[in-house]
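Everything on this sheet refers to the single structure shown next.
The values are calculated or read from the model by the stated rules, or taken from the named source; none is laboratory data. Everything quoted here is computed from the prediction, not taken from an experiment. Every residue, glycine as well, gets a Cβ built from its backbone with ideal geometry; the counts of neighbours run over all protein chains shown.
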Amino acid sequence: MNEVLNENGFPFRGQGGIYLDYNATTPCDPRVVDAMLPYFYEHPGNPASRTHAIGWRADEAVKKARKQIAHLTKVEAHEIIFTSGATESNNFALKGIYESYQHKGNHIITLTTEHKAVLDPLKKLETLGAEVTYLDVEPDGMVDLQKLENAITSQTLLIATMWANNETGVIQNMKAIGELCNQKNILLFSDATQAVGKIQTHPKELGVQLMSFSAHKMYGPKGVGALYVAHQDPKIKLAEQMNGGGHERGNRSGTLNVPGIVGFGKAAEIAQQEMEVDSARLQQLRDKFENTLLQQLELTSINGHSKNRLAHTCNMSFKFIDGEALMNTFNQRLAVASGSACTSASIEPSHVLLGMGLSKHLAQASLRFSLGKFTTEAEIDEAAAIIIANVNHQRALSPIWEMYKDGVDVEGLI
Ligand SMILES: *Cc1c(COP(=O)(O)O)cnc(C)c1O
């Protein structure tokens, strides 16, 4: 590896601008890459090959990774099922549970702020007879526990609430939700893709029976993920969604992605050792960034709970600004995300921000900045300066802004 070392000593250099989109994907930690490399050529075995040492070697590597991941999440190694990523894990959990238990009840409760990789499989299940309740969250992004309890019916099979939100970083109270589900004897599934490796995620302690996560959101490689399924009595039955050979104890067939899994394990080991320190540093940077913008720009606000929020995520609204247009003014100097989703017909405002009760205008005036362990203070300072200059410039061009400054009530105009 011959990249330029940045001031943290990490061989990562953001090309194509300052990278503030870690919630979309993280670069692979170079130590992860080093751990993976031998499994492409030197140790090429298939862990399902039981007849020779080359297969055993691959099997040992997968075993080690499974332990590293189980250790990080405080579960048993045999409770981890490897998949191709969190999208597959979510599909497997939701469809697998529904298929196995629909005779017991067909009702599932989830949040409107979930990732599409939860909402879309649930939409599919609706076409197969499932009844799904989509709960809006409070303005701070948290689900109201009373509303959650009130949504439960005698048919409720499963509650699906994400651990931490990808757009706002809002962290749900999984302990309280776990207690409620336990009390009501309802299965609890959590998409913890943004939480694992960033904050403590110990599903077993909190009564979360199923949990999805993904290597590429925690400095591991893309295309490998996991589903935790609690080993308990009575056994949780998950209908197999991928048939063909019975790998992963009959749960998910297909030759294991050995290099990917080895990298995932290494990423989990590193996260366990370093996430607290990383998170404290990122919180300082993130707070500095937010405070600078809030102080220097009027009518700017943070979306999401003030405390229950991932330390590296910042979702901000800039009133009277179009987020997409603002992003274009960055001219590829900043790699950030707008909450909007492009559909064929139009640009739709973020369903997450709408689910928190933001107006369409404010949702469209929002951008997500997500920092990561390779982010430096110099990058943050530069990013803040670019954003401030461009927001001021955009507003100066806006007739609505001019009217607002003249004291006209413009709320009806936006
Ligand atoms: C990224 C993400 C996913 C999808 O993960 P993949 O591994 O890319 O399939 C699912 N849920 C959340 C919350 C995410 O952030």
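Looking at segment 348-369, is at least one residue surrounded by fewer than 22 Cβ atoms within 10 Å (Cβ to Cβ) and at pLDDT below 90?
yes
Table: residues versus (1) within 16 Å of the ligand (Cβ to nearest atom); (2) within 21 Å of Gly105 (Cβ to Cβ); (3) not assigned by TED's automatic domain parsing to the domain that holds Lys104.
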| residue | (1), (2), (3) |
| --- | --- |
| Met174 | yes, no, no |
| Glu205 | no, no, no |
| Gln209 | no, yes, no |
| Tyr228 | yes, no, no |
| Arg249 | no, no, no |
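Exactly one of (1) closer than 18 Å to Leu294 by Cα; (2) touching a Pro at 6+ places or on another chain (Cβ under 7 Å); (3) not in a helix (DSSP H, G or I) is unmet by Ala363. Its number?
So the condition that Ala363 fails would be (3).
Mind listing whichever residues of segment 115-158 are among the small types (Gly, Ala, Ser) and on the phi < 0 side of the Ramachandran plot? Spell out the reasoning first.
Kept after step one, since they are among the small types (Gly, Ala, Ser), are these residues of segment 115-158: 117, 129-130, 141, 151, 154.
If the condition is that a residue be among the small types (Gly, Ala, Ser) and on the phi < 0 side of the Ramachandran plot, then Ala117, Ala130, Ala151, Ser154 are the ones that fit.
Say whether the condition of being assigned to a helix (DSSP H, G or I) and free of Cβ contacts under 8 Å to residues at least 40 places away in the same chain is met by at least one residue in segment 88-109.
The answer is no, given that none of the residues of segment 88-109 is assigned to a helix (DSSP H, G or I) and free of Cβ contacts under 8 Å to residues at least 40 places away in the same chain.
Which of the residues belonging to segment 173-202 are under 19 Å from the mean Cα position of the chain (by Cα) and free of Cβ contacts under 8 Å to residues at least 40 places away in the same chain?
If the condition is that a residue be under 19 Å from the mean Cα position of the chain (by Cα) and free of Cβ contacts under 8 Å to residues at least 40 places away in the same chain, then Met174, Lys175, Ile177, Leu188, Ser190, Ala192, Gln200 are the ones that fit.
Just the residues that are away from the ligand (no atom under 14 Å from the Cβ) and either farther than 27 Å from Ile171 by Cβ or crowded, with 23+ Cβ neighbours inside 10 Å (or both), please, taken from segment 99-115.
Glu99, Ser100, Tyr101, Gln102, His103, Lys104, Gly105, Asn106, Ile108, Ile109
Could you go through segment 193-202 and let me know if any residue there is among the polar types (S, T, N, Q), in contact with a strand residue (DSSP E or B) (Cβ under 6 Å, 6 or more places away or on another chain), under 28 Å from Leu371 (Cα atoms) and surrounded by 15 or more Cβ atoms within 10 Å (Cβ to Cβ).
Within segment 193-202, the first condition is being among the polar types (S, T, N, Q), and the residues that meet it are 193-194, 200-201.
After this cut, where a residue has to be in contact with a strand residue (DSSP E or B) (Cβ under 6 Å, 6 or more places away or on another chain) as well, the list is 193-194.
Adding the requirement that they be under 28 Å from Leu371 (Cα atoms) leaves 193-194.
If we keep only those that are surrounded by 15 or more Cβ atoms within 10 Å (Cβ to Cβ) too, we end up with 193-194.
Yes - at least one qualifying residue is present in segment 193-202.
So Thr83 passes all but one of these: (1) farther than 27 Å from Gly339 by Cβ; (2) surrounded by 15 or more Cβ atoms within 10 Å (Cβ to Cβ). Which condition number does it fail?
If we test Thr83 against (1) farther than 27 Å from Gly339 by Cβ; (2) surrounded by 15 or more Cβ atoms within 10 Å (Cβ to Cβ), just (1) comes out false.
Mind checking whether some residue in segment 135-157 is more than 16 Å from the ligand (Cβ to nearest atom), touching a Ser or Thr at 6+ places or on another chain (Cβ under 7 Å) and under 24 Å from Asn23 (Cβ atoms)?
Yes, there is a match, as at least one residue in segment 135-157 is more than 16 Å from the ligand (Cβ to nearest atom), touching a Ser or Thr at 6+ places or on another chain (Cβ under 7 Å) and under 24 Å from Asn23 (Cβ atoms).
If I filter segment 68-83 for residues that are assigned to a loop (DSSP other than H, G, I, E, B) and within 16 Å of the ligand (Cβ to nearest atom), do I get at least one hit?
Residues of segment 68-83 that are assigned to a loop (DSSP other than H, G, I, E, B), as a first pass: 74-76.
In the following step, the residues that additionally are within 16 Å of the ligand (Cβ to nearest atom) were identified as none.
No - not one qualifying residue is present in segment 68-83.
For segment 280-302, give me each residue that is out of contact with any helix residue (DSSP H, G or I) (no Cβ under 6 Å at 6 or more places or on another chain) and assigned to a loop (DSSP other than H, G, I, E, B).
Glu298, Leu299
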